[in-house]
Amino acid sequence: MLILGIETSCDETSVALVRDGMDVLGIRTFSQVRAHKPFGGVVPEIASRIHVRVIHALVEDLLRETGISRRDLDAVAVTSCPGLIGSLVVGVSFANAFAFALGIPVLGIHHLEAHIYAAFMNPEARPELPAVALVVSGGHTALVRMSAIGRYEILGQTLDDAAGEAFDKTAKMLSLPYPGGPMIDRLSARGNPEAYPFPRSLRGQRDRLDFSFSGLKTAVLYTVTGQGGRDRTPLEPTETNVADVAASFQRAVVESLVDKTARALERFEAKSLILCGGVAANQELQQAIRALAARNGVPAFIPPISYCTDNAAMIAGLAFHKQHEMNDLVSDVAASRPLGDRIKK
Ligand code: KG4
Ligand code: ZN
């Protein structure tokens, strides 16, 4: 089954052709980073307008490049939640019209479910279930127990900022360009992760699998501005100081994430550990998750970086497993929607 996937939930316009849930015949992703950079973050209205401008040409290019005729397509899959509502509407409207014109079915996909599915797109090694998944993106941070494709329970989630959001805001405080995650990742390699004792929130509450990054963000702010410090001097923005703050911040995020994931593995049976979402591209986090999995005797599954960040291959891939849900119209988009119920245990 050949599915055209469309992803426009945030600041990437991505389209992909995937056969039978696994075989990526082609993918085209247009990154809007340059347009949002002057504003230091994603501007929703600009994002929607760029999606409108580029989506049609991206699909045309993809079909031309792969030599696939639109008549060969069996279905269209599109991210319908969660995300920026205007951006989602662009993708869903395009998908509906495209599918209608071809007389093929269309399916709305949950963005976070697709992030998890990205870990299943390697034919050589697929996670065994049940699995614990740590989903870390720009808008979401959650620990999820997955018992089957389509069946998820939320073990814990962030009470305030998402991990990626914390990366982006910290980068901004350090006057680093947007998007901050990859910059902090790179700078941290040169910094001292123990230079600043930033907080690991909720660590004391061992049975609680939630996360909180707002205290960490405030601690970074106070360090940078000098607020709250004894001598109230702002951080001198030398290369070493900036790298030390970045590395200390990153260590605090990684330890918070890994600590709760370790607790999840202790409390819930899991045959695999999945790390996914944009922040899963982070090198220190990847290493820490692999080490945790090894300590627990479970295999770790982390998609390649291009499938950690937003992409349409994961959307088209997942849709293959949801053929029974396909219809002639996606009539619903949502800015936020839980992936599953919160576990009661
Ligand atoms: O999943 P994603 O592409 O988009 C959302 O669904 O939000 O995640 C984007 C987030 C951004 O906050 C970005 O800064 C972060 O992922 N990110 C990283 C790295 N690469 C991307 N964070 C830390 N280290 C990275 N290498
Ligand atoms: Zn995402």
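The values are calculated or read from the model by the stated rules, or taken from the named source; none is laboratory data. Note that this is a predicted model, so its numbers are computed, not measured. We place every Cβ from the backbone using ideal geometry, glycine too, and count neighbours over all the protein chains shown.
Worth a mention:
- Scanning segment 262-279 for residues that are within 16 Å of ligand 1 (Cβ to nearest atom) and touching a strand residue (DSSP E or B) at 6+ places or on another chain (Cβ under 6 Å) returns 274, 275, 276, 277, 279.
- Hits in segment 174-188 - residues which are away from ligand 2 (no atom under 16 Å from the Cβ) and not in a loop (DSSP other than H, G, I, E, B): 183, 184, 185, 186, 187, 188
- Filter result for the condition that a residue is at pLDDT below 95, within 23 Å of residue 181 (Cα to Cα), surrounded by 22 or more Cβ atoms within 10 Å (Cβ to Cβ) and within 21 Å of the chain's Cα centre (by Cα), over 83, 138: 138
- Restricting 88, 62, 58, 84 to those that are farther than 18 Å from residue 328 by Cα and in contact with a Cys (Cβ under 8 Å, 6 or more places away or on another chain) reduces the list to 84.
- Residue 33 vs. criteria within 16 Å of ligand 2 (Cβ to nearest atom) and under 27 Å from residue 172 (Cβ atoms): yes
- Selection status of residue 51, part of a helix (DSSP H, G or I), within 16 Å of ligand 2 (Cβ to nearest atom) and at pLDDT 95 or above: yes
- Single residue of 274, 343 found to be under 15 Å from the mean Cα position of the chain (by Cα), in contact (Cβ under 8 Å) with a residue 24 or more places away in the chain and away from ligand 2 (no atom under 13 Å from the Cβ): 274
- Boolean, residue 191 is outside any helix (DSSP H, G or I), in contact with a helix residue (DSSP H, G or I) (Cβ under 6 Å, 6 or more places away or on another chain) and not polar (S, T, N, Q): yes
- One residue from 77, 95, 99 being closer than 17 Å to residue 322 by Cβ, away from ligand 1 (no atom under 15 Å from the Cβ) and in a strand (DSSP E or B): 77
- Against the numbered list (1) outside any helix (DSSP H, G or I); (2) in contact with a helix residue (DSSP H, G or I) (Cβ under 7 Å, 6 or more places away or on another chain), residue 14 comes up short only at (2).
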